[in-house]
Amino acid sequence: MPKWGAFGVQVFIKRDDLLHQYVQGNKWRKLKYNLLEAKRLGKKRLLTFGGAFSNHIYSTAAAGRMFGFETIGLIRGDKLDELSPTLDFAQAAGMRLVYLDRTTYRQRKEPDFLAQMAVDYPDAYVIPEGGSNALALKGVAEIIAEVDEQMPNRLPMTWCVGVGSGGTMAGLIRAVKSTDRVMGFSSLKGDFVDEMVADFLDKEYANWQIWKDGHFGGFAKWKPELIDFMNHFYASTKIPLEPIYNGKLWYRLNDLILDGYFEKGSQLLVVHTGGLQGMEGFRYRFGVG
Ligand SMILES: *Cc1c(COP(=O)(O)O)cnc(C)c1O
């Protein structure tokens, strides 16, 4: 890595990728209070949604297995002859996979559709795509409490995090000190991500922004320089990244630092959101990584 110290910034990383082997990063944070709530309600099964390479599907299958829930995954798209590594793992962990064509999948947030799911899968605790809901945000807030305990003398900081469904970023925005800033790095192409995050907020907050120019062409899109960067990052830090979220974040953040974007003396706290299971799926799809 280039010497960021020369730019006067201190970069800290919260290694949530180390939380658990299978339920990593923000997916652990987002599932925690949902699973407690499912248990409290006496639910025996979890129902959720995702694509064939989804970290959320993978984590929900693993967590269901560990904590004694049946799991049902409603998967976007047709069943392929060969399961993706993610779905292969989920199925082995006991998740029942049900495939929805893309038109049906698009209705996943509609009340009518959810009412039908309640009929088709009675007594299931429904977790939205990506695991993002109010209880997820409560779990994300614990990241901040832990960091504040570990860094009692910290300065007002910029918290950096990847953005998919926006739930993790929203959880940070709601829970950081008002003197902190939250900086999101979108993995998706499009300006709608601001609104997606705002939809999870309870009021207006001024201290956040999302970089929308580091997606490499769109969700799960990539270029060789992204992979090179990740390999270089790993060689110098021994911290593994994946190309869907954390790789893109660090690539863009590195540019910002080298461009002198941050004032001298700035402290940055980057949340490593895990997702390393995705590496296998990435190699499976693209043969690199
Ligand atoms: C799901 C995920 C994200 C995005 O989190 P959202 O709360 O959906 O924005 C970021 N990083 C990793 C590794 C993820 O699995």
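A search for C-beta distances below 8 Å between a residue of region 98-116 that is closer than 9 Å to Ile75 by Cα and any residue that is β-branched (Val, Ile, Thr), counting only pairs 6+ apart in sequence or on different chains, returns Val98/Ile72; Val98/Ile75; Tyr99/Ile75; Leu100/Ile75. Among the residues of region 8-43, the one identified as closer than 12 Å to Ala63 by Cα, open to solvent by 30 Å² or more (accessible area, probe 1.4 Å) and within 12 Å of the ligand (Cβ to nearest atom) is Trp28.
Here Lys264, Lys248 are screened, and the one residue that is at pLDDT below 95 and not in a strand (DSSP E or B) is Lys264. Of all the criteria given as (1) closer than 19 Å to Glu142 by Cα; (2) more than 17 Å from the chain's Cα centre (by Cα), the one not satisfied by Tyr33 is (2). In region 142-160 there is no residue matching the filter, namely being near the ligand (Cβ under 10 Å from one of its atoms), touching a residue at least 60 places away in the same chain (Cβ under 8 Å) and assigned to a loop (DSSP other than H, G, I, E, B). Taking region 66-92 as the range and being closer than 21 Å to Asn34 by Cβ and open to solvent by 20 Å² or more (accessible area, probe 1.4 Å) as the test, the residues that pass are Met66, Phe67, Gly68, Glu70, Arg76, Phe89.
Every residue, every condition in (1) away from the ligand (no atom under 16 Å from the Cβ); (2) in contact (Cβ under 8 Å) with a residue 60 or more places away in the chain; (3) in contact with a Lys or Arg (Cβ under 6 Å, 6 or more places away or on another chain), yes or no:
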site	(1), (2), (3)
Val182	no, no, no
Trp208	no, no, no
Lys212	no, no, no
Gly218	no, no, yes
Lys238	yes, no, no
Leu241	no, no, no
Tyr251	no, no, no
Asp259	yes, no, no
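Do you know which of the residues in region 240-289 that are of a type in the set (Ser, Thr, Tyr) and within 18 Å of Lys189 (Cβ to Cβ) is surrounded by the fewest Cβ atoms within 10 Å (Cβ to Cβ)? Filtering first and then ranking leaves Tyr251. Only one of the listed residues (Gly278, Gly274) is touching a Lys or Arg at 6+ places or on another chain (Cβ under 8 Å), among the small types (Gly, Ala, Ser) and either within 10 Å of the ligand (Cβ to nearest atom) or assigned by TED's automatic domain parsing to the domain that holds Ser54 (or both). That residue is Gly274.
For region 99-112, does any single residue satisfy the condition of being in a helix (DSSP H, G or I), open to solvent by 80 Å² or more (accessible area, probe 1.4 Å) and assigned by TED's automatic domain parsing to the domain that holds Ser187? Within region 99-112 (the criterion being in a helix (DSSP H, G or I), open to solvent by 80 Å² or more (accessible area, probe 1.4 Å) and assigned by TED's automatic domain parsing to the domain that holds Ser187), the answer is no, since none of the residues qualifies. Selection of region 161-180 for residues being of a type outside the set (A, V, I, L, M) and either outside any loop (DSSP other than H, G, I, E, B) or within 13 Å of the ligand (Cβ to nearest atom) (or both) yields Gly162, Gly164, Ser165, Gly166, Gly167, Thr168, Gly171, Arg174.
The values are calculated or read from the model by the stated rules, or taken from the named source; none is laboratory data. Owing to the predicted nature of the structure, the values given are computational and were not obtained by experimental measurement. Cβ coordinates were reconstructed from backbone atoms using ideal geometry, including for glycine residues, and neighbour counts include every protein chain displayed. Quick note on the areas: whole protein, heavy atoms, side chains included, nothing else; ligands and nucleic acids left out. Shrake-Rupley method; radii C 1.70, N 1.55, O 1.52, S 1.80 Å.
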